[in-house]
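The values are calculated or read from the model by the stated rules, or taken from the named source; none is laboratory data. All values reported here derive from a predicted model rather than from experimental measurement. Cβ: placed from backbone, ideal geometry, glycine included. Neighbour counts: every protein chain shown.
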Amino acid sequence: MKENIISFFILSIFLLTGCSSDNNSSEVDETFTVSGKVVDSDGSGLANIRLTIGNQTVYSLASGEWSVSNLKGSVKITPMADGYTFTPASATASSTLTVTFVAEKTAINLSAEAENIVAWFENVQYSNGLLPSTESSSTISLYDNALAALVFTATGKYSKAESIFNFFNQRIGSELTTNGGFYQFRSTDGTTSGDRWLGDNAWLLIALNNYTAKVETTKYDKLKSTLEIWIRSLQDKDGGLWGGITASNSTIPKNTEGMIDAYCAVQGYDDFHKKLLSYLKENRYNSTDGLLVSWLGNYYEYALDNHSWGYCTFEDFPKTVLEKTTMYANTQRATVNGALITGFAPDIDKDIVWLEGTGQMVVAYQKAADSYKSTTYLAEMRKLLISSTLYPNSIGLPYASNLGTTYGSLQLWKGADTNICISSSAWYLFGLLNFDPMAVGYSRGTPDVDKFWKD
């Protein structure tokens, strides 16, 4: 029954073209109307389905009907609603068109645990679209909001993801093209602070790439292209990328993690990627150990995310990089509940279990088809799931098992081991969903000759 209805409505898309014997008709700037209906698989109309028609937005009526007049040129019609996919996914019109879209419930079956994690993200989102980095915090991080957009995209909460993208889309002129790059931090009202980091901006582009891979829309094309232009502008003549721009407008030193992020974010393969790989080979790769390094000669030469993100980003990167992580493995007693948890620290200090980084390793293990390790570390992380102190049926993870240091000797902030945090909760959820946010840019046809890790 459902298949017949879908086929019927697909066939119902028809183009109504008018003819005119007026010899001067080509000189008339004609307008046209598009209209139609949004129905479910049983043929019943669906209300309040959002449709973008060119640069306009309309919502279907209670009957499912919709209409837009006085259109010119060629327009794309795209329906969108959280929890639904549509057949057809979109339609294009340059003259009067009637089209029926059939909505199907999205088959994203979340466990109760995953539902409660997503609920926390939904509950902490402000009216301007942004989310605080931790519960009860007023600090808003660009990277964390990119992760939140990925959470909403992975779970079909597209309007929630759009709220984040819209915030930045509205600031292309005032921030991105004026200063180059969005700021690392801002307050709840959007006031900026901090530096403009390459990696954070790259993650916003990664989130946009994932979203547009799921949703057919050109709405954020300018945001994507402007981010990419800025990222490319940071490439030095040696092929490496500067880490961004400080608040005082000085250049941030080159950062391996940020360069991995940028390689992933800028899709395709051209001289930008080729030169970047050449730089990494000559300056950020220990060929003896077969590992990417933060920088040569540094006491903290190795960093956990270079293992996981490197494996998930570079084609045919060896699985051995995931096996060479015992230098970070450790067990700690959690502040929140006293549980013993085994996971990974960000560096060789091994004084915390870094839950965000452990979640990144879970995603990398899943990519490597190492189900034993991915399942084991997910179970370890689950020990630290805590309930929100503000919202019912909302859970998440703190940033770390206990207070200690982040990468290097920098001390963690108060509450890093007790308050629900976006980054750790997001990466744990990605593991639950078997969702790799870096997969969208993985297969890019990198020539074997440029894969220095295969030498």
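General observations
- Listing of helices (runs of 4 or more DSSP H) fully contained in the range 240-335 that carry 1 or more residues being touching a strand residue (DSSP E or B) at 6+ places or on another chain (Cβ under 6 Å) and either in contact (Cβ under 8 Å) with a residue 40 or more places away in the chain or closer than 19 Å to Leu205 by Cβ (or both): 256-265, 304-313
- Residue in the range 154-173 that is assigned to a helix (DSSP H, G or I), acidic (Asp, Glu) and either closer than 27 Å to Thr251 by Cα or modelled with pLDDT under 95 (or both) present: no
- Val99 fulfils the conditions (1) crowded, with 17+ Cβ neighbours inside 10 Å; (2) closer than 28 Å to Val151 by Cβ; (3) hydrophobic (A, V, I, L, M, F, W, C); (4) in contact (Cβ under 8 Å) with a residue 60 or more places away in the chain except for a single criterion, (2).
- Selection count, the range 176-198, where residues are farther than 24 Å from Thr134 by Cβ and in contact (Cβ under 8 Å) with a residue 12 or more places away in the chain: 4
- Residue identified as farther than 25 Å from Ala91 by Cβ and modelled with pLDDT under 95 among Gly240, Gly190: Gly190
- Ser424 free of Cβ contacts under 8 Å to residues at least 40 places away in the same chain and either under 24 Å from Thr326 (Cα atoms) or touching a strand residue (DSSP E or B) at 6+ places or on another chain (Cβ under 6 Å) (or both): no
- Scope the range 49-71; condition without any contact (Cβ under 8 Å) to a residue 24 or more places away in the chain and among the aliphatic types (A, V, I, L, M); matching residues: Val58, Leu61, Ala62
- Flag if Asn70 is out of contact with any Cys (no Cβ under 9 Å at 6 or more places or on another chain), surrounded by fewer than 14 Cβ atoms within 10 Å (Cβ to Cβ) and at negative phi: no
- Filter result (part of a loop (DSSP other than H, G, I, E, B) and within 15 Å of Phe344 (Cβ to Cβ)) within the range 372-397: Lys383, Leu384, Leu397
- Checking each residue in the range 280-339 for being closer than 30 Å to Gly415 by Cβ, surrounded by 15 or more Cβ atoms within 10 Å (Cβ to Cβ) and among the β-branched types (Val, Ile, Thr) picks out Thr325, Thr335, Val336.
- Matching residues, the range 57-80, being modelled with pLDDT under 90 and either closer than 16 Å to Thr92 by Cα or in contact with a His (Cβ under 7 Å, 6 or more places away or on another chain) (or both): Thr57, Met80
- Candidates are the residues of the range 208-229 that are exposed (fewer than 15 other Cβ atoms within 10 Å of the Cβ) and aliphatic (A, V, I, L, M); the one that is modelled with the highest pLDDT is Ile229.
- Of everything listed in (1) within 24 Å of Leu322 (Cα to Cα); (2) surrounded by fewer than 18 Cβ atoms within 10 Å (Cβ to Cβ), the single unmet condition for Val363 is (2).
- Filter result for Ala369 (within 23 Å of Pro437 (Cα to Cα), out of contact with any helix residue (DSSP H, G or I) (no Cβ under 7 Å at 6 or more places or on another chain), part of a loop (DSSP other than H, G, I, E, B) and free of Cβ contacts under 8 Å to residues at least 12 places away in the same chain): yes
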